[in-house]
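Chemist: Once you've had a glance at the structure underneath, I'll fire off some questions.
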Amino acid sequence: MTLAAVAGRVGIAVPSLYKHVSSLADLRREIAIVSVNDLTRAISTATTGRAGRDAVRAMADALREFARRHPGRYAATQVAARPDDPLDAGLVAASAETLVVIASVLRGFDLPPEATIDVIRVLRSAVHGFVVLEIGGGFGLPQDLDRSFGLLVDAVTVGIERLSLQDSDRR
């Protein structure tokens, strides 16, 4: 993505684009913020009123669907905000809201607070890996991808439940 390409796509001259963004990095950051907010809204909508396995499945399905419908915007959500950079304040806030939504999905598992971020990373990594392979055409075999995705989500969910049980055994 270049500023010239964006300007051409929206039918304005490059100098006019600078009235709205200061640089390509600024444009990418703004796209990331909008994309993270949209993804968060999709996850929140999908998981409202759900708990446990059902909530995790709904979240994973929403994330997968978002990525399939909007691969470029999904890619923009993968940029980590830098909390110490004032220019990233909007992205830090958007990302924090995503964490709140995902943590609320996991609340039903009664995980110890110190494990929540680890579990979010595991869940995110598993779903992201599948989604990136799927979008990129990395699954060439004819077997049903939905079934494989369901198995992935079930396997991760069983792991989350096991962590929760291990912690309750320690109490």
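The values are calculated or read from the model by the stated rules, or taken from the named source; none is laboratory data. All figures in this text were calculated on a predicted structure; none of them were measured in a lab. Neighbour counts are summed over all protein chains in view; Cβ atoms, including those assigned to glycine, are modelled from backbone coordinates with ideal geometry. Areas reflect the complete protein model, heavy atoms only, side chains present, ligands, DNA and RNA absent. Shrake-Rupley method; radii C 1.70, N 1.55, O 1.52, S 1.80 Å.
Chemist: Take Val153 and tell me if it is in contact with a Lys or Arg (Cβ under 6 Å, 6 or more places away or on another chain) and either open to solvent by less than 80 Å² (accessible area, probe 1.4 Å) or over 26 Å from Leu24 (Cβ atoms) (or both).
Modeler: yes
Chemist: Restricting the first residue to segment 96-116 and requiring it to be closer than 16 Å to Val36 by Cα, which pairs with a second residue that is open to solvent by 20 Å² or more (accessible area, probe 1.4 Å) and among the polar types (S, T, N, Q) meet a Cβ separation below 6 Å and a spacing of at least six or different chains?
Modeler: Here the result reads Val101/Ser44; Ala103/Thr116, each pair linking segment 96-116 to a residue that is open to solvent by 20 Å² or more (accessible area, probe 1.4 Å) and among the polar types (S, T, N, Q).
Chemist: So, of the residues in segment 92-124 that are assigned to a helix (DSSP H, G or I) and among the acidic types (Asp, Glu), which turns out to be surrounded by the most Cβ atoms within 10 Å (Cβ to Cβ)? Walk me through how you get there before you give the answer.
Modeler: Kept after step one, since they are assigned to a helix (DSSP H, G or I), are these residues of segment 92-124: 92-109, 113-124.
Okay, now just the ones that are also among the acidic types (Asp, Glu), so 97, 114, 118.
Numbers: Glu97: 15, Glu114: 8, Asp118: 12.
Selected residue: Glu97.
Chemist: Within the group Val127, Val36, which residue is buried (at least 17 other Cβ atoms within 10 Å of the Cβ), in contact with a Leu (Cβ under 6 Å, 6 or more places away or on another chain) and either closer than 28 Å to Met1 by Cα or not hydroxyl-bearing (Ser, Thr, Tyr) (or both)?
Modeler: Of Val127, Val36, the one residue that is buried (at least 17 other Cβ atoms within 10 Å of the Cβ), in contact with a Leu (Cβ under 6 Å, 6 or more places away or on another chain) and either closer than 28 Å to Met1 by Cα or not hydroxyl-bearing (Ser, Thr, Tyr) (or both) is Val127.
Chemist: On to the next question. Scan segment 72-100 for residues that are of a type in the set (D, E, K, R) and touching a helix residue (DSSP H, G or I) at 6+ places or on another chain (Cβ under 6 Å) and report the count.
Modeler: Selection size over segment 72-100: 3.
Chemist: Please list, ordered by first then second residue, the pairs with beta carbon atoms under 8 Å, 6 or more apart or interchain, first in segment 67-83 and within 15 Å of Asn37 (Cβ to Cβ), second surrounded by 15 or more Cβ atoms within 10 Å (Cβ to Cβ) and of a type in the set (Asp, Glu).
Modeler: Filtered contacts from segment 67-83: His70/Asp38; Arg73/Asp38; Ala81/Asp88.
Chemist: Do we have Arg29 as assigned to a loop (DSSP other than H, G, I, E, B) and either open to solvent by less than 60 Å² (accessible area, probe 1.4 Å) or modelled with pLDDT of 90 or more (or both) here? I'd like the intermediate steps shown before the answer.
Modeler: Values: assigned to a loop (DSSP other than H, G, I, E, B): no; either open to solvent by less than 60 Å² (accessible area, probe 1.4 Å) or modelled with pLDDT of 90 or more (or both): yes.
Judged against the criteria, Arg29 is not a match.
Chemist: Being farther than 25 Å from Phe130 by Cα, open to solvent by 20 Å² or more (accessible area, probe 1.4 Å) and not in a loop (DSSP other than H, G, I, E, B) is the filter here, so list the residues in segment 75-91 that pass it.
Modeler: Pro86, Leu87, Ala89, Gly90
Chemist: Only residues that are in contact with a helix residue (DSSP H, G or I) (Cβ under 8 Å, 6 or more places away or on another chain) and either outside any helix (DSSP H, G or I) or open to solvent by 10 Å² or more (accessible area, probe 1.4 Å) (or both): list them for segment 41-57, please.
Modeler: Once the filter is applied, which keeps residues that are in contact with a helix residue (DSSP H, G or I) (Cβ under 8 Å, 6 or more places away or on another chain) and either outside any helix (DSSP H, G or I) or open to solvent by 10 Å² or more (accessible area, probe 1.4 Å) (or both), segment 41-57 yields Ala42, Ser44, Thr45, Ala46, Thr47, Arg50, Ala51, Gly52, Arg53, Arg57.
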